[in-house]
Structure formats: structure tokens, C-alpha cells
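Worksheet for the structure shown next.
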Amino acid sequence: MAQYPSGWLTCDDGAGEVADFVHLDRVLRLIHVKAAESSSLSRLVSTGAYEIVASQATKNLGSLNPALLADRLDTTSAGKAAWLNGIRQPDRRGLIGQLRAAPANLPTEVIIVQPHMRRTHYQMLTSSAVPSEDKTRLNRLEFLLNGSRTVVAGVGSELIVIASQQ
């Protein structure tokens with residue numbers, strides 16, 4: 001919640017989810033989160049760590065339509081948490097109302113949070129001219145994410161990938 005202190009935020013984690021989190025504040029964001037496969041600082045690049053979350057992100061692109069998303073969240077709202085400007089709300093009704101009132105051309109973002117890739121390791125691999133198996137895995141990962149970015153851009157949205165800051 002610290003990343004999104006204003007606007008509406010709800011958790012939609014679970015079977016049939018549209019995203020782990022939905023955020024609405026002048027931009028509609030579908031946020032997909034997966035844990036790293038390892039906590040080791042010596043972990044290598046893993047395309048597999050991103051395959052599932054990238055697939056979830058692209059298969060739920062229809063949920064970027066505010067009216068369709070409102071209907072979906074309305075049918076699955078029982079027991080789901082919602083916050084407005086960081087304050088817990090009793091239910092999702094306010095968010096659903098905002099989605100129903102939102103313009104069809106509302107700006108959208110699809111966000112993947114997958115901390116398996118460490119910033120320092122990425123920088124080391126991209127600055128090195130020495131071929132390695134890990135650099136080959138990084139190339140595969142970049143092809144996967146660029147393919148996902150193309151699909152997301154095709155529906156007029158933006159893909160943002162967040163990795164580990166280490």
C-alpha cells in the first residue's frame with residue numbers, strides 16, 4: 001500500500017483473480033505479484049519465475065475495461081478487502097462505483113512484481129561482454145517480457161515490471 005497511498009486499492013487474490021491487486025487513481029492498474037524462487041543473493045536469472053506471472057497478466061487484459069472489471073469485482077466482492085487513500089473500507093462498493101463511472105479510455109497499466117531478478121545482477125550481466133549461460137537466460141527473459149509488453153501495448157496499456165532493488 002505504500003506504493004499506492006491514494007485512490008482505491010483492493011486485493012483480488014485467489015481462484016479466478018483478475019490480478020492480485022487492483023488500483024484506481026486516475027489510472028487503472030492491474031498488479032500481479034509472485035515471490036522470488038529463492039532468497040539467495042547469488043540466485044541466477046530464471047525465466048520460469050516470470051512465465052506464470054506474465055501469462056496471468058496477459059490473459060487478464062480484458063479486465064482493463066472499467067465496466068467489465070466493475071461487474072467482475074461486484075460478483076466476487078464478498079470478504080475482499082478495499083482501501084481508499086490508505087484507509088480500510090467496509091467493502092468494495094465505492095471502488096465498483098468509481099469503475100462504473102470511469103471513462104472507457106481511462107489510462108491503464110499492467111504491473112508485474114517479481115523480485116527474482118536482482119538489479120545488481122541485471123546490471124552486471126548487461127554490462128558484461130562475456131557470454132555465459134546466465135546471460136543467455138537473461139536474453140530469454142527479455143524476449144518473454146518484450147512479448148508480454150507487445151501484447152499489453154496492443155490493448156493500449158503499459159507494462160511495468162518491478163524486480164528486486166538489490
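Tabulated results
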read-out	value
From phi via Karplus (6.51, -1.76, 1.60), per-residue ³J(HN,Hα) for the range 157-166 in Hz, x at Gly/Pro	10, 10, 9, 10, 10, 10, 10, 6, 7, 5
Furthest towards positive pole of dipole, ILE160, LEU24, TYR50, structure part the range 18-166, Cβ charges	LEU24
Degrees, to the nearest 10: 66-75 long Cα axis against longest axis of the chain	80 degrees
Using alpha-carbon coordinates, inclination of helix 48-59 to the longest axis of the chain, degrees	30 degrees
Where the chain is the region considered: accessible area per residue in Å², 1.4 Å probe	53 Å²
The range 71-153, relative contact order [Cα under 8 Å, separation at least 6], %	16 percent
Dipole magnitude of the chain about its Cα centre (Cβ charges: Lys, Arg +1; Asp, Glu -1), debye to nearest 20	180 debye
Kirkwood hydrodynamic radius of the chain, from inverse mean 1/r over distinct Cα pairs, in Å	16.9 Å
Convex hull volume per residue in cubic angstrom - Cα atoms of the range 89-135	153 Å³
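The values are calculated or read from the model by the stated rules, or taken from the named source; none is laboratory data. This one's a predicted model, so the numbers in the text were calculated from it and none came from an experiment. Using ideal geometry, Cβ is built from the backbone for each residue, glycine included, and neighbour counts are taken over all protein chains shown. To get the accessible areas, we keep the full protein, side chains included, count just its heavy atoms, and leave off ligands, DNA and RNA. Shrake-Rupley method; radii C 1.70, N 1.55, O 1.52, S 1.80 Å.
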